[in-house]
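Peer 1: Structure provided below as structure tokens; questions to follow.
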Amino acid sequence: MAEDIKLMKGNEAIAHAAIRYGADGYFGYPITPQSEIMETLMEEHPWTTTGMVVLQAESEVAAINMVYGGAGCGKRVMTSSSSPGMSLKQEGISYIAAGELPCLLVNVMRGGPGLGTIQPSQADYFQTVKGGGHGDYKLITLAPASVQEMADFVGLGFDLAFKHSNPVVILTDGVIGQMMEKVVLPPYQPRLTEEEIREKCPWATLGKPKGRKPNIITTLELDSAVMEKINEKLQAKYRHIEETEVRYEAILCDDADYIIVAFGSAARICQKTVELAREQGLKVGLFRPVTLWPFPSKELNYYADRVKGMLSVELNAGQMVEDIRLAVKGKIPVEHFGRLGGIVPDPNEVLEALKKKCF
């Protein structure tokens, strides 16, 4: 069968992949620069083909609580937003994580703080990987660097969410969301039947069959000793995820004297920077975390024994750089270069910063 290749925006790829992966429901609210996700879903009207529900909620708060309800029924449900909208969803996300429910969250980041700008940013790193809501919880976080990965990570995100009973975030930005590239779309997969959900998700609240106790999903526990046990169970799960789900890409790092660390759109820019540096005789490599949580700390620590320094390139004031410094444990200097307010640097600008800060 011929591959289904389309030219589309990253946001559109998210929408098409969600339909094809057999998502049961999308609940969202429009905000630039991610509105095309919901617009594309509405244009494709999947409720007439796959039966997928697509609903514009009255607010971001309503949308995330609809996701909470759908996830509690074992459904493949998702939402998307951009930075200020994700801030409004944080309480609901904390509830979903505490309830150990699977769902997919998409954040197409824009400049902040506050309403900021509609241009791209990577300033939601802390919010996403450090837990933007209350309590000790973690979100599996995937950082795509292409339109193809925007599509691919929808399927991967749902798979990881159900594998670990945990929310998964696709953390991208306005560059990847708005840029157009060729993308190979996944084949259509059927939505799970109620019988399949009962088999795969025995905790789902789909009504009580004879002979089974009621399924109750709650995040409230007034007994501190019991609540501690719940937290310990969550932390054990997170440690397991950290051991099994790390993903990264290393480009020309084996002989490098210096390594640039970048994710998402910044990594695309830095790949060209590495080419320019090599043309000038500078041994520079690129390390791209694909999972921002779990962060590839062990892998970066490996390279810390082999290079003279690292430069974290981010579209923010310096956030991932803290995780890089923790990973290398003080073995080498780690510098940061970033632009703010929606400004995207070019590869030569990054190269000049690398020379100034590291060489």
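The values are calculated or read from the model by the stated rules, or taken from the named source; none is laboratory data. Everything numeric here is computed off the predicted structure, so don't read it as measured data. Backbone-built Cβ (ideal geometry, glycine too); neighbour counts: all protein chains shown. In case anyone asks, the SASA skips ligands and DNA or RNA and just uses the protein heavy atoms, side chains included. Shrake-Rupley method; radii C 1.70, N 1.55, O 1.52, S 1.80 Å.
Peer 1: Quick one: Cα centre-to-centre distance for segment 269-327 and segment 157-175, in angstrom?
Peer 2: If you average the Cα positions of each part, the centres end up 23 Å apart.
Peer 1: Continuing with the same structure: Please say if segment 270-314 is rounded, prolate or oblate, where rounded means a/c under 1.5 for a ≥ b ≥ c the square roots of the C-alpha gyration tensor eigenvalues, and otherwise the choice is prolate for a/b larger than b/c and oblate otherwise?
Peer 2: Oblate shape, in that a/c is at least 1.5 and b/c is the bigger or equal ratio.
Peer 1: Counting other Cβ atoms within 10 Å, keep those with at most 16, restrict to DSSP loop, and tell me which GluC sites (Glu not before Pro) in segment 28-108 are left.
Peer 2: In loop regions of segment 28-108 (DSSP not H, G, I, E or B), the sparsely surrounded GluC sites (Glu not before Pro) are E58.
Peer 1: Then there's this: Write out the chymotrypsin sites (Phe, Trp or Tyr not before Pro) in segment 117-195 meeting two conditions: DSSP loop, and at most 12 other Cβ atoms within 10 Å of their Cβ.
Peer 2: Of the chymotrypsin sites (Phe, Trp or Tyr not before Pro), the ones in loops of segment 117-195 whose Cβ has at most 12 other Cβ atoms within 10 Å are Y188.
Peer 1: May I pose another question? In a Gaussian network model over the chain where Cα atoms closer than 10 Å are linked, find which of L222, L326, L160 has the largest mean-square fluctuation.
Peer 2: Among L222, L326, L160, the largest mean-square fluctuation in the Gaussian network model of the chain belongs to L222.
Peer 1: Could you tell me how many degrees, from 0 to 90 and to the nearest 10, lie between the Cα long axis of helix 264-279 and the main elongation axis, the longest principal axis, of the Cα atoms of the chain?
Peer 2: Tilt of helix 264-279: around 20 degrees.
Peer 1: Gap in Å between the Cα centre of segment 38-65 and the Cα centre of segment 331-345?
Peer 2: Using only Cα atoms to place each centre, the spacing works out to 37 Å.
Peer 1: Checking the table K308/K356; K130/K272; K298/K329; K75/K208; K138/K237 against a 20 Å threshold on Cα-Cα, which pairs fail? Kindly include the intermediate steps, with their values, before the conclusion.
Peer 2: On the way: K308/K356 14 Å; K130/K272 30 Å; K298/K329 10 Å; K75/K208 17 Å; K138/K237 10 Å.
The answer is K130/K272.
Peer 1: Residue by residue through segment 37-48, which ³J(HN,Hα) values in whole Hz follow from phi under the Karplus form 6.51 cos²θ - 1.76 cosθ + 1.60 (θ = phi - 60°), with glycine and proline marked x?
Peer 2: With the stated coefficients, segment 37-48 comes to 4, 5, 4, 5, 4, 5, 5, 7, 5, x, 5, 8 Hz.
Peer 1: Going out from 0 in 5 Å bins, what whole percent of all Cα-Cα distances in segment 243-337 drops into each bin?
Peer 2: 3, 15, 27, 28, 19, 7, 1, 0
Peer 1: Let me ask something else about it. Give me P(r) over segment 1-79, computed from all C-alpha to C-alpha distances, binned every 10 Å, as integer percentages.
Peer 2: Reading upward from the zero bin: 19, 50, 26, 5, 0.
Peer 1: Also, quick follow-up: Per 20 Å bin from zero, what fraction in whole % of the C-alpha pairs of the chain is there, up to the bin with the longest pair?
Peer 2: It works out to 30, 56, 14, 0, in whole percents.
Peer 1: Ignoring trypsin sites (Lys or Arg not before Pro) that are buried or in helix or strand per DSSP, and keeping those with at most 11 other beta carbon atoms within 10 Å, what is the longest stretch of the chain between them? If you can, show how the numbers build up before the last one.
Peer 2: Numbers: sites that count: K210, R212, K329.
The answer is 1-209.
Peer 1: Quick one: angle between helix 60-72 and the longest Cα principal axis of the chain, in degrees between 0 and 90, rounded to 10, please.
Peer 2: With both axes taken from Cα atoms, the answer is about 60 degrees.
Peer 1: Run through the DSSP bridge list for the chain and note the antiparallel percent, rounded to the nearest 5.
Peer 2: Percent antiparallel among DSSP bridges in the chain is about 25.
Peer 1: Once you charge only the Cβ atoms, +1 for Lys and Arg and -1 for Asp and Glu, what is the size of the charge dipole of the chain about its Cα centre, to the nearest 20 debye?
Peer 2: 600
Peer 1: With the contact rule set at Cα under 8 Å and sequence spacing of 6 or more, what percent relative contact order holds for the chain?
Peer 2: 18
Peer 1: Counting helices only, and only those DSSP H runs with n ≥ 4, report the 222 nm mean residue ellipticity of the chain as the sum of -39,500 (n - 2.57) divided by its residues, in deg cm²/dmol to the nearest 500.
Peer 2: Only helices count here, giving -12500 deg cm²/dmol.
Peer 1: Rounded to a whole number, what is D in µm²/s for segment 30-126 from Stokes-Einstein with the Kirkwood radius over alpha-carbon pairs (37 °C, 0.692 mPa s)?
Peer 2: 233
Peer 1: May I pose another question? Using a 1.4 angstrom probe, figure out how much accessible area the chain has per residue, in square angstrom, rounded to the nearest whole.
Peer 2: 44
Peer 1: In terms of Cα to Cα distance under 17 Å, which lysines are near enough to K6, apart from those fewer than 8 places away along the same chain?
Peer 2: In chain and number order, the partners are K182.
Peer 1: What do you get for the angle between helix 10-20 and the principal long axis of the chain? Use alpha-carbon atoms, 0 to 90 degrees, nearest ten.
Peer 2: That works out to roughly 30 degrees.
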